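Student: Have a look at this one before I ask anything.
The values are calculated or read from the model by the stated rules, or taken from the named source; none is laboratory data. Note that the structure is a prediction, hence the values are computed from the model and not measured. Cβ placement follows ideal geometry from the backbone for every residue including glycine, while neighbour counts extend to all protein chains displayed. For the accessible areas, the whole protein counts, side chains as well, though only heavy atoms, and no ligand, DNA or RNA atoms are used. Shrake-Rupley method; radii C 1.70, N 1.55, O 1.52, S 1.80 Å.
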Amino acid sequence: MTHEEPRTPRERRHDESARRILDEAMRMVEQGGLEALSMNRLAEAVHYTPGALYRYFASKDALLAQLVVRILEDVRLALAAALAALPPRATPLARVLALALGYRSFARREPQRFGLLAMTMAEPRVLIDQPEAAPVVTLMLAVMQPLGAALTAAAEARLLAPGDPAERTILVFALLQGVLPLHKQTRYAPRLLDIDHLLSRGLRALLMGWGASARAVDTATRQLASIGDTAEPPRTGATS
């Protein structure tokens, strides 16, 4: 067993200052979107000089990377809450759908956080350059692991045909990332851009394309309906 060296008072003060800077940066993004965040405005808000911020974050990319890491930790909590709300005998297909619902619920509750995450995934080099991208990608893969496990379990239970769970995980995630940002255009075409309907149809098409029967998908959907929308989980690093 390994033991971490105790943090010195100076290191603890540094960590607390870094958390305070991240809290304020996240508040700016939540209230005004990514365009509201600048190092000069952030420095003013936390009563530092712009140069002093770079003692805590080497660049704006490094700061954004830490914001995305925090958001991904919140996504992890949302997905865990969705799984925990399922009935004990839920099928692996219901777990797949519950995880999709958990991500949908996170996007609905936290539109600005989801927006930053979506931009990072769509155009990562715009926001986060190497080496800052490495921990983000690592955590993203960890967050998606329960989805891969549910898809693997579905294939093992013969609810899906054999297939590559990693590829399937990426395809489910790509569906979510493609459909969820469309909510901004819903008011222009509400019948066409019904986000919940599109996700339901898209997930059904994927699962049946991978060999699921209509009956198995219907059973999973009924199990999912019993939990409704997932309860809001706690945020990581949240401040009151």
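Student: Can you tell which of 41, 109, 76 is within 27 Å of residue 195 (Cα to Cα), open to solvent by 20 Å² or more (accessible area, probe 1.4 Å) and more than 11 Å from the chain's Cα centre (by Cα)?
Tutor: Numbers: 41 fails: within 27 Å of residue 195 (Cα to Cα); 76 fails: more than 11 Å from the chain's Cα centre (by Cα).
Exactly one residue qualifies, and that residue is 109.
Student: May I ask you to list pairs of residues, at least six apart or on different chains, whose Cβ atoms are under 6 Å apart, with the first in the stretch 105-120 being more than 13 Å from residue 64 (Cβ to Cβ) and touching a residue at least 60 places away in the same chain (Cβ under 8 Å) and the second being buried (at least 22 other Cβ atoms within 10 Å of the Cβ) and among the small types (Gly, Ala, Ser)?
Tutor: Short answer, once both residue conditions are applied: 114/107.
Student: Taking residue 142 as the residue in question, decide whether it is out of contact with any helix residue (DSSP H, G or I) (no Cβ under 6 Å at 6 or more places or on another chain), touching a residue at least 60 places away in the same chain (Cβ under 8 Å) and more than 12 Å from residue 96 (Cβ to Cβ).
Tutor: Working: out of contact with any helix residue (DSSP H, G or I) (no Cβ under 6 Å at 6 or more places or on another chain): yes; touching a residue at least 60 places away in the same chain (Cβ under 8 Å): yes; more than 12 Å from residue 96 (Cβ to Cβ): yes.
Yes: the conditions hold for residue 142.
Student: Taking the stretch 170-226 as the search range and keeping residues that are of a type in the set (Phe, Trp, Tyr) and modelled with pLDDT under 95, which one is least open to solvent (accessible area, probe 1.4 Å)? Give the steps one after another, and end with the answer.
Tutor: Initial filter on the stretch 170-226 (of a type in the set (Phe, Trp, Tyr)): 173, 188, 210.
The next check asks that each one be modelled with pLDDT under 95; those that pass are 173, 188.
Values: 173: 33, 188: 162 Å².
Per the stated criteria, the residue is 173.
Student: Right, another one. If I filter the stretch 121-131 down to residues being more than 11 Å from the chain's Cα centre (by Cα), in a helix (DSSP H, G or I) and not charged (D, E, K, R), which single residue comes out as modelled with the highest pLDDT?
Tutor: We begin by selecting, within the stretch 121-131, every residue more than 11 Å from the chain's Cα centre (by Cα); these are 122-131.
From what's left, in a helix (DSSP H, G or I): 122, 124-127.
Still in the list and also not charged (D, E, K, R): 122, 124, 126-127.
On the way: 122: 65, 124: 53, 126: 53, 127: 57.
My answer is 122.
Student: Would you pick out the residues in the stretch 79-106 that are open to solvent by less than 60 Å² (accessible area, probe 1.4 Å) and either of a type in the set (Phe, Trp, Tyr) or not in a helix (DSSP H, G or I) (or both)?
Tutor: 85, 86, 87, 90, 91, 103, 106
Here's the yes/no breakdown for (1) over 15 Å from residue 142 (Cβ atoms); (2) not in a loop (DSSP other than H, G, I, E, B); (3) not aliphatic (A, V, I, L, M):
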{"site": "48", "(1), (2), (3)": "yes, no, yes"}
{"site": "52", "(1), (2), (3)": "yes, yes, no"}
{"site": "57", "(1), (2), (3)": "yes, no, yes"}
{"site": "64", "(1), (2), (3)": "yes, yes, no"}
{"site": "69", "(1), (2), (3)": "no, yes, no"}
{"site": "76", "(1), (2), (3)": "no, yes, yes"}
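Student: Can you tell me which residue is surrounded by the fewest Cβ atoms within 10 Å (Cβ to Cβ) among those in the stretch 16-33 that are of a type in the set (A, V, I, L, M, F, W, C) and under 16 Å from residue 69 (Cβ atoms)? Even if it seems obvious, please write down each step before you answer.
Tutor: In the first step, residues of the stretch 16-33 are kept if they are of a type in the set (A, V, I, L, M, F, W, C); the result is 18, 21-22, 25-26, 28-29.
When the remaining residues are screened for being under 16 Å from residue 69 (Cβ atoms), the result is 18, 21-22, 25-26, 29.
Values: 18: 16, 21: 21, 22: 21, 25: 26, 26: 22, 29: 20.
Looking at residues that are of a type in the set (A, V, I, L, M, F, W, C) and under 16 Å from residue 69 (Cβ atoms), I get 18.
Student: Do you know which residues across the stretch 157-172 are without any contact (Cβ under 8 Å) to a residue 60 or more places away in the chain and part of a helix (DSSP H, G or I)?
Tutor: 165, 166, 167, 168, 169, 170, 171
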